[in-house]
Amino acid sequence: MKAVRLEAVGSIALREIRKPVPGPDDLLVRIEACGVCGTDRHLFHGEFPCRPPVTPGHEFSGIIETIGADVSGFAIGDRITGDPNIACGRCPQCHAGRVNLCRNLSAIGIHRDGGFADYVIVPQKQAFILPAGLKPTHGAFCEPLGCCLHGMDLAEITAGSSVVVLGGGVIGQLTVQLARLAGATTIILSTRQASRRALAEDLGATATIDPTAADVADAVAGPAGLMPGGADVVFECAGVRETVEQSMRLARAGGKVVIVGVTPQGMKAEFEPFDLLFRELKVLGSFLNPYTHRRAADLIASGAIEIDRLISRQVTLEEAATVIANPPAPGEVKVLVVPG
Ligand code: NAP
Ligand code: ZN
């Protein structure tokens, strides 16, 4: 079969490799679509640890072709989405229900072969059935949506809440949609690219801000701003120092800041501890997708999330290595790899 192989840091290419054989607890899944994520580019550049050679791709869905001897609840021909994040189930964090913080966490597409290939092996406990009638490309969005759902769960948004989202990539665009579904009535997105601001307004943002044209804190939380005093919840979905620092100034007293964006390791940001104390801000990290993959799959199956407009382009396996080795094109939200 064909697979995109990360052979060393900075070296990625399409190769012909042996089709994997499922173990007793595994499904062999023919990939229908796999999303390219910033993490795939970090793996290529050596900014995220992994042990090459490996096939990246952790946002995938496809059709079951073979099932292992001990598999139950799945049948050949079922469409599934894989939760790539595999917790050990045995460590203190797993025992406490914090599976995303598992000490022995491993991931399909990082530590074992993933979805930029004709086929992937998925342990049955990581697989979730999707409707037969779902568009084949939509299942690839379950993983990023599951990560956004975890952020939403931590934020505990109630009907009528005000929300700010910083960063208009796919995570920001999904978060805007989830905030709308959760009943937020004011949703402001800040991102530099005009096409992404327009997209967010179509998807549920009540206003957008160009952070290069205005002081975002003034424009949102200032006396003449869109939400004087600040928002109930701020989602940091850009992963840069500027937005991390902004996020604390955009939350109202007693409000929440949810850090979803991944900043470079070692990066520092400034905040005023007095401000945090005096305004009782709650700053929460949101990491991965603990127990949210099923809900993400159900939400996507329901059609409640706009997916098609998030897909900037579809590429073949032949083109995938080049896409991963290069920065995203301007305006791009999500690129899907669709094996031929
Ligand atoms: P992305 O496409 O890179 O989106 C982030 C966007 O933020 C950028 O494209 C950029 O868009 C915008 N941005 C940059 N500087 C900004 C600024 N100063 N003000 C406002 N917006 C700014 O990435 P993504 O796939 O949506 O992911 C977003 C972040 O979440 C990444 O850091 C990713 O690693 C992280 N992530 C976290 C989890 C988790 O479990 N916590 C899961 C998945 C992804 P413009 O050019 O339009 O400004
Ligand atoms: Zn564990």
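Table for the structure above
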read-out: Helix-only [θ]222 nm of the chain, DSSP H runs n ≥ 4, -39500 (n - 2.57) each, per residue, nearest 500; value: -7000 deg cm²/dmol
read-out: Environment charge of A3, counting only residues whose C-beta is closer than 9 Å and scoring Lys/Arg +1, Asp/Glu -1; value: 0
read-out: A224/K19 FRET efficiency (R0 51 Å; Cβ-Cβ; nearest 0.05); value: 0.25
read-out: Cleavage-rule hits (trypsin sites (Lys or Arg not before Pro)) in the stretch 227-316: DSSP loop, at most 14 neighbouring Cβ within 10 angstrom; value: K268
read-out: Descending semi-axes in Å of the stretch 2-101, equivalent ellipsoid built from Cα gyration tensor; value: 24, 22, 12
read-out: Centre separation in Å (Cα based) which lies between the stretch 177-222 and the stretch 80-124; value: 33 Å
read-out: Accessible area of the stretch 146-285 belonging to carbon and sulfur atoms, whole % at 1.4 Å probe; value: 55 percent
read-out: Packing-based order for 209-215, 189-195, 261-267, using average beta carbon neighbours within 10 Å, highest first; value: 189-195, 209-215, 261-267
read-out: Solvent-accessible heavy-atom area per residue, rounded to whole Å², over the chain at 1.4 Å; value: 43 Å²
read-out: Cα-centred dipole magnitude for the stretch 189-280, charges only on beta-carbon of K, R (+1) and D, E (-1), debye, nearest 20; value: 160 debye
read-out: 10 Å binning of all Cα-Cα separations within the stretch 106-189, expressed as whole percents from 0 upward; value: 15, 38, 29, 17, 2
read-out: Net lengthening on full extension, R98/H111 (0.36 nm per residue, minus Cα-Cα); value: 2.7 nm
read-out: Point-charge dipole on Cβ atoms (K/R +1, D/E -1) for the stretch 42-114, about Cα centre, debye to 20; value: 360 debye
read-out: Local net charge near R51, Cβ-Cβ under 12 Å (Lys/Arg +1, Asp/Glu -1); value: -1
read-out: Virtual spin-label span in nm between K268 and L181, 7 Å along Cα→Cβ; value: 4.0 nm
read-out: Net length gained if the chain between R294 and A69 were fully extended (0.36 nm per residue, minus Cα distance); value: 78.6 nm
read-out: Amide proton proximity set for I12, modelled H, under 5 Å, gap of 5+; value: E7
read-out: Label point distance in nm, A8-E280, each placed 7 Å from Cα along Cα→Cβ; value: 5.7 nm
read-out: Euclidean distance between Cα centres, the stretch 258-309 to the stretch 16-44, Å; value: 26 Å
read-out: The stretch 146-285 shape via C-alpha gyration tensor axes, a/c threshold 1.5; value: rounded
read-out: Charge tally in the Cβ shell below 12 Å around A207, where Lys, Arg are +1 and Asp, Glu are -1, A207 excluded; value: -1
read-out: Order by protection proxy (mean Cβ within 10 Å, highest first), peptides 42-51, 168-177, 319-328; value: 168-177, 319-328, 42-51
read-out: Cα radius of gyration and Dmax for the chain (Å); value: 20.1, 65
read-out: Positive-end extreme of charge dipole, the chain - chosen from A253, A194, H58 (charges on Cβ); value: H58
read-out: Dipole magnitude of the chain, debye to nearest 20 (Cβ charges: Lys/Arg +1, Asp/Glu -1, about Cα centre); value: 440 debye
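The values are calculated or read from the model by the stated rules, or taken from the named source; none is laboratory data. Everything numeric in this text was worked out from a predicted model, so none of it was measured. Glycine also receives a Cβ, built like all others from the backbone with ideal geometry; neighbour counts cover every protein chain displayed. Just the protein is used for accessible areas: all its heavy atoms, side chains included, with ligands, DNA and RNA removed. Shrake-Rupley method; radii C 1.70, N 1.55, O 1.52, S 1.80 Å.
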